[in-house]
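Some notes on the structure that comes next.
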Amino acid sequence: MLTYSQAFYELKNKLNILYDERESEAIAHELLFHITGHNKTERLLKKEQQLTEKQQTQYEQATNELLNGRPLQYVTGSAWFMGRKYYVNESVLIPRPETEELVQWILEDSKFQIPNSKFRIFDIGTGSGCIPISLKLTLTQSEVITCDISSDALQVAKDNANRLQANIQLLQLDFLDTSQHNKLSVYDVIVSNPPYIPFSEKRRMHVNVTEHEPGIALFVPDEDALIFYRAIALFGKTHLNSNGYIYCELDSAHAVACKALFEDNGYKNVEIRKDVHGNWRMLKAGMS
């Protein structure tokens, strides 16, 4: 059996084929934490301790999956978002830090600082449920409704909501089918991290994304990259309260065009904001 130290260096060196040194090291540490239950410091203190037979089997299987490009989060079945652990599989996108920034922007809005305030929040494209669950667990008095076209994604979101004890309502619908909008009400907040990557960008992306994360949640036609934003802007005209706001995650390459789209549809005070990496990543728009 490999020792903790041997397992770490063996995996890190193998992963250098796919990732840079820093990312390989981070993945190796995270996988060994998942398998052994010991963090980096604890494993360093026990570096000569051997993996158990069960742990060795887990390690070997996970190593093969990682070397085939499967993302770590799918290998472990978990991802972190705003300090909470979510279950994930290939039916949903892996939650990303940029989306945490979008949720944080909503929570920092002055209208949400009033204690015990109740809001109606609608999330479009729930995936793992990380956005609506995070909002519900902070804005506990609010009613949070979320939708997705994928029944498999909704099951993942339901599992996460149950485990994290977030009382949210989940709906299956195709948001681009406007005939289904009559099922929906009027909301104080509409939020979405919709598909926004043009298909032509796929060839430039890492294999662990293109071959494992759900394309339906990532890609849009090259000739209409703003298809979801246009649908959201139109939806908001009849389903957003007069003093409400829309918040969206953006493709930085289309952020300015997206801002113009909302302004052309009559939205006021449309604001785009950069993420921590300096990329235009978020939009906020109101009707007043």
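FYI, it's all coordinate maths here, none of it is from the lab. This is a predicted model, so every value here is computed, not measured. Here the Cβ positions follow ideal geometry from the backbone for every residue, glycine too, while neighbour counts run over all protein chains shown.
Summary table
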{"read-out": "Most to least packed among 230-243, 135-148 [average Cβ atoms within 10 Å]", "value": "135-148, 230-243"}
{"read-out": "Simple Cβ-charge dipole of the chain, Lys/Arg +1 and Asp/Glu -1, about Cα centre, in debye nearest 20", "value": "680"}
{"read-out": "Principal axis box of region 1-143, alpha-carbon based, largest edge first, Å", "value": "56, 30, 27"}
{"read-out": "All-pairs Cα distance distribution in region 79-135, expressed in whole percent, bin size 10 Å", "value": "21, 51, 24, 4"}
{"read-out": "Two-decimal Rg to Rh for region 57-215 - Kirkwood Rh, Cα set", "value": "1.00"}
{"read-out": "Linear extension gain, ARG204 paired with LYS46, 0.36 nm per residue minus alpha-carbon span", "value": "52.8 nm"}
{"read-out": "Pairwise FRET efficiency - VAL186 versus GLU223, Cβ, R0 = 25 Å, nearest 0.05", "value": "0.20"}
{"read-out": "Shape parameters for region 190-248, alpha-carbon atoms, Rg then Dmax in Å", "value": "14.1, 43"}
{"read-out": "Average projection area in nm² (convex hull over Cα atoms of region 128-265, one quarter of hull surface)", "value": "9.2"}
{"read-out": "Percentage relative contact order, the chain, counting C-alpha pairs under 8 Å, at least six apart", "value": "13"}
{"read-out": "Long-range tail of P(r) for the chain (Cα pairs > 34 Å, %)", "value": "27"}
{"read-out": "In range of the label at LYS237: residues from region 182-205 whose backbone nitrogen is under 14 Å from the point 7 Å along Cα→Cβ", "value": "none"}
{"read-out": "Whole-Hz ³J(HN,Hα) from phi, Karplus 6.51 cos²θ - 1.76 cosθ + 1.60, for region 254-262, glycine and proline x", "value": "10, 4, 5, 5, 5, 4, 5, 4, 5"}
{"read-out": "Protection-proxy order for peptides 50-59, 80-89, 119-128, each taking the mean of Cβ atoms within 10 Å per residue, highest first", "value": "119-128, 80-89, 50-59"}
{"read-out": "Ranked by how many other beta carbons lie within 10 Å on average, peptides 31-38, 196-203 from highest", "value": "31-38, 196-203"}
{"read-out": "Rounded tilt (10° steps) of 21-36 against the dominant C-alpha axis of the chain", "value": "80"}
{"read-out": "Region 63-131-region 218-288 distance, computed between alpha-carbon centres (Å)", "value": "19"}
